[in-house]
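What follows is a single structure, written as structure tokens, with notes after it.
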Amino acid sequence: MNSEKEYIFYQFENSYEILKLSILGDFLTDNKKELNKRCEVMLHRIFPEKSREQIKEIIIYNEEELLSKISEINSTK
């Protein structure tokens, strides 16, 4: 996992949430399945209201990639 990646991006059907990784310590792992599981658990702890929503996508981004993704989403609205 690239240490430059700083944000977890969660995309839902009609919304998204972002968490900054700097507060998570040894959260990242090279095991994609384990990383997705950790990300999902973290989302439900921090945003319990999202626990019933279907997660479309979980991606770890650096700041530039994150801003690009948000711009892409906003341009399609």
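Annotation note: Cβ proximity below 9 Å between a residue of the stretch 48-77 that is farther than 21 Å from Thr29 by Cα and a residue that is part of a helix (DSSP H, G or I) (sequence gap 6+ or interchain) occurs for Lys50/Leu43; Lys50/His44; Ser51/Leu43; Ser51/His44.
Out of the residues in the stretch 9-23 meeting the condition of being at pLDDT below 90 and either surrounded by 11 or more Cβ atoms within 10 Å (Cβ to Cβ) or farther than 13 Å from Ile60 by Cα (or both), tell me which one is nearest to the chain's Cα centre (by Cα). Only one residue fits best here, namely Leu19.
Applying the set (1) surrounded by fewer than 15 Cβ atoms within 10 Å (Cβ to Cβ); (2) at pLDDT 90 or above; (3) among the β-branched types (Val, Ile, Thr) to Ile58 leaves exactly one unmet item: (1). Restricting the stretch 23-77 to residues that are among the aliphatic types (A, V, I, L, M) and part of a loop (DSSP other than H, G, I, E, B), the residue that is nearest to Tyr10 (Cα to Cα) is Ile55.
When residues of the stretch 24-43 are filtered for being over 13 Å from the mean Cα position of the chain (by Cα) and at pLDDT 90 or above, how many remain? Total meeting the criteria: 2.
The values are calculated or read from the model by the stated rules, or taken from the named source; none is laboratory data. Because the structure is predicted, anything quoted here is derived from the model rather than measured. Using ideal geometry, Cβ is built from the backbone for each residue, glycine included, and neighbour counts are taken over all protein chains shown.
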